[in-house]
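Notes follow the structure.
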């Protein structure tokens, strides 16, 4: 009886070694592929978040340009014209309605920074002590092709700092990914008045 048990145990060990070897290989393969899988998942979420934020900022800039372009241009000599103040308020309200950090935009007023161009003050309320920049240009000229005539528009540009998670994860993999530090969007609307 002892010899029969001995033979049976001997036969099981090679099979067991094969199963354990396959399991070990699977664990090693999983350990090697897991960082790459994490990199892909973080990249998908991060780039999706950036694209979604860019779309929301584009909507805010477009709405602000439309509001400013619909206001009369008779008060453009004022420190902060009504049209510029309205556009600035539209950006602020849109960011707050979309639960986007406005980086301290609330309670500030834009300052003249060029001919018919107003810019938000230096805001540092975003992560990394960087800030949002809102630029409203009431005299943005666009040439009409083939006529030699310029169409006067209102252009609103929003520059928003974005904190990428992908850079830290790609750094763990030994790669250096340097994305743009800001998401910038511009919208243009024809001045009606």
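Values quoted throughout were computed directly from the atomic coordinates according to the rules given, and no laboratory measurement underlies them. Since the structure is predicted, the reported quantities are computational estimates derived from the model, not experimental observations. Methodologically, a virtual Cβ is constructed for each residue, glycine included, from the backbone with ideal geometry; neighbour enumeration extends over all protein chains shown.
Using only the alpha-carbon atoms, how far is helix 82-97 inclined from the longest principal axis of the chain? Give it as 0 to 90 degrees, nearest 10. Helix 82-97 and the main axis of the chain meet at about 20 degrees.
Listed from fewest to most Cβ neighbours within 10 Å, the set 164, 118 follows the order 164, 118.
Computed extension gain for residue 112 through residue 96, at 0.36 nm per residue and net of the alpha carbon distance, reaches 3.3 nm. Sorted fewest first by neighbouring Cβ atoms within 10 angstrom, 62, 138 come out as 62, 138. On the basis of the beta-carbon distance and an R0 of 41 Å, residue 190 and residue 129 show a calculated FRET efficiency of 0.65. Across the range 45-190, C-alpha contacts under 8 Å between residues 6 or more apart give a mean separation that, scaled by the residue count, equals a relative contact order of 24 percent.
Roughly what angle does helix 2-70 make with the longest principal axis of the chain, taking Cα atoms, 0 to 90 degrees, to the nearest 10? The answer is roughly 0 degrees. What the Cβ-Cβ distance of residue 74 and residue 53 gives, at R0 = 45 Å and to the nearest 0.05, is a FRET efficiency of 0.80. Shown here: Rg/Rh (Cα atoms, Kirkwood Rh), derived from the displayed model; of the candidates (1) 1.48; (2) 1.41; (3) 1.01, it corresponds to (2). Computed over the chain, the per-residue total of -39500 (n - 2.57) for DSSP H runs of n ≥ 4 gives a 222 nm mean residue ellipticity of -17500 deg cm²/dmol, rounded to 500. Counting neighbouring beta carbons within 10 Å and listing from fewest to most, the residues 71, 46 come out as 46, 71.
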